[in-house]
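Below: one structure, written as structure tokens.
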Amino acid sequence: MYDKQALIDLVRERALRLGDFTLASGKKAKYYLDCRQVTLDARGAALIAAGMLELLGENLPDAVGGMAIGADPITGAIITLAGTQGKSLRGVIVRKEAKQHGTGRTVEGPVEPGQEIVIVEDVVTTGGSSLLAIERCEEFGLKVRRVLAIVDRLEGGREAFAAKGYELTPLLTIRDFGLEPPPQG
């Protein structure tokens with residue numbers, strides 16, 4: 001069962017850093033969320049998987065996955081927990097660039113064109129990483145249902161997904177930590 005407060009406490013303790021940072025999006029920020037400190041922790045992975053499976057509900061997609069490497073431990077945790085619950089769910093790894101050997105695919109995993117996927121992400125700022133994952137999955141032929149995230153920084157990601165017709169559902173937002181997003185514009 002998902003325990004939101006336990007996840008908030010763990011993210012605050014292990015992943016949230018205050019200071020001056022430059023994010024992957026290029027934006028400057030007064031805080032940084034290194035969610036790998038939580039997704040690569042047994043307790044954190046279990047909390048995230050439980051929360052995301054709860055958000056997925058009973059009508060599961062064929063697969064979950066996202067951009068390597070940030071989404072990989074989230075994907076692994078979700079499919080492992082689903083398996084222990086007897087649920088059928090597969091995982092996908094989306095590469096930033098196609099492999100130069102083997103099949104040369106950008107989407108790896110036991111999926112076929114026409115199947116449905118939910119994109120997973122650790123931290124959403126502008127949504128750029130997940131939008132690229134969506135693009136890669138759609139090029140492969142997957143049908144993207146929506147995006148799930150651990151934390152939404154509330155800095156335009158939700159709006160970027162909505163503009164492309166996708167819903168973002170986070171487990172947490174930056175407000176859960178008593179922080180406010182910077183003013184837009």
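The values are calculated or read from the model by the stated rules, or taken from the named source; none is laboratory data. Here the structure is a predicted model, which means the values were calculated and not measured. Heads up, the Cβs are rebuilt from the backbone with ideal geometry, glycines too, and the neighbour counts pull from every protein chain shown.
Of a type in the set (Asp, Glu), surrounded by fewer than 19 Cβ atoms within 10 Å (Cβ to Cβ) and in contact with a strand residue (DSSP E or B) (Cβ under 8 Å, 6 or more places away or on another chain) - does that describe any residue in the range 49-56?
Narrowing the range 49-56 to residues of a type in the set (Asp, Glu): 54.
Among the residues that remain, those that are also surrounded by fewer than 19 Cβ atoms within 10 Å (Cβ to Cβ) are: 54.
Filter once more, so that each one left must be in contact with a strand residue (DSSP E or B) (Cβ under 8 Å, 6 or more places away or on another chain): none.
Looking for residues that are of a type in the set (Asp, Glu), surrounded by fewer than 19 Cβ atoms within 10 Å (Cβ to Cβ) and in contact with a strand residue (DSSP E or B) (Cβ under 8 Å, 6 or more places away or on another chain), one finds none in the range 49-56, hence no.
If you scan the range 57-70, which residues turn out to be of a type in the set (D, E, K, R) and either touching a helix residue (DSSP H, G or I) at 6+ places or on another chain (Cβ under 8 Å) or surrounded by fewer than 15 Cβ atoms within 10 Å (Cβ to Cβ) (or both)?
Let us first name the residues in the range 57-70 that are of a type in the set (D, E, K, R), namely 58, 62.
Residue satisfying the conditions is 58 alone.
Does the range 96-112 contain at least one residue that is modelled with pLDDT of 95 or more, buried (at least 17 other Cβ atoms within 10 Å of the Cβ), closer than 25 Å to residue 43 by Cα and not aliphatic (A, V, I, L, M)?
Among the residues of the range 96-112, not one is modelled with pLDDT of 95 or more, buried (at least 17 other Cβ atoms within 10 Å of the Cβ), closer than 25 Å to residue 43 by Cα and not aliphatic (A, V, I, L, M), which makes the answer no.
So, in the range 142-185, of the ones that are acidic (Asp, Glu) and out of contact with any Lys or Arg (no Cβ under 9 Å at 6 or more places or on another chain), which residue ends up surrounded by the most Cβ atoms within 10 Å (Cβ to Cβ)?
159
Contact list please: Cβ distance under 7 Å, first residue in the range 1-20 and free of Cβ contacts under 8 Å to residues at least 24 places away in the same chain, second residue surrounded by 13 or more Cβ atoms within 10 Å (Cβ to Cβ) and in a helix (DSSP H, G or I), pairs at least six apart or on different chains.
The qualifying pairs are 15/37; 15/38.
Scan the range 37-46 for residues that are farther than 13 Å from residue 122 by Cβ and of a type outside the set (Lys, Arg) and jot them down.
42, 46 - these are the residues of the range 37-46 that are farther than 13 Å from residue 122 by Cβ and of a type outside the set (Lys, Arg).
Please determine whether any residue of the range 22-40 is in contact (Cβ under 8 Å) with a residue 40 or more places away in the chain, polar (S, T, N, Q) and not in a helix (DSSP H, G or I).
yes
Looking at residue 17, is it part of a helix (DSSP H, G or I) and under 19 Å from residue 177 (Cβ atoms)?
no
State all residues of the range 4-16 that are within 18 Å of the chain's Cα centre (by Cα) and over 23 Å from residue 30 (Cα atoms); if no residue qualifies, say none.
4
Name the residue that is nearest to the chain's Cα centre (by Cα), counting only residues in the range 18-48 that are exposed (fewer than 12 other Cβ atoms within 10 Å of the Cβ) and either closer than 21 Å to residue 65 by Cβ or at pLDDT 95 or above (or both).
Here the answer is 24.
Does residue 144 satisfy the condition of being closer than 23 Å to residue 8 by Cβ and β-branched (Val, Ile, Thr)?
No; evaluated as a whole, the condition is false for this residue.
Looking only at the range 47-62, decide whether some residue is β-branched (Val, Ile, Thr), out of contact with any His (no Cβ under 8 Å at 6 or more places or on another chain), without any contact (Cβ under 8 Å) to a residue 60 or more places away in the chain and within 22 Å of residue 171 (Cα to Cα).
no
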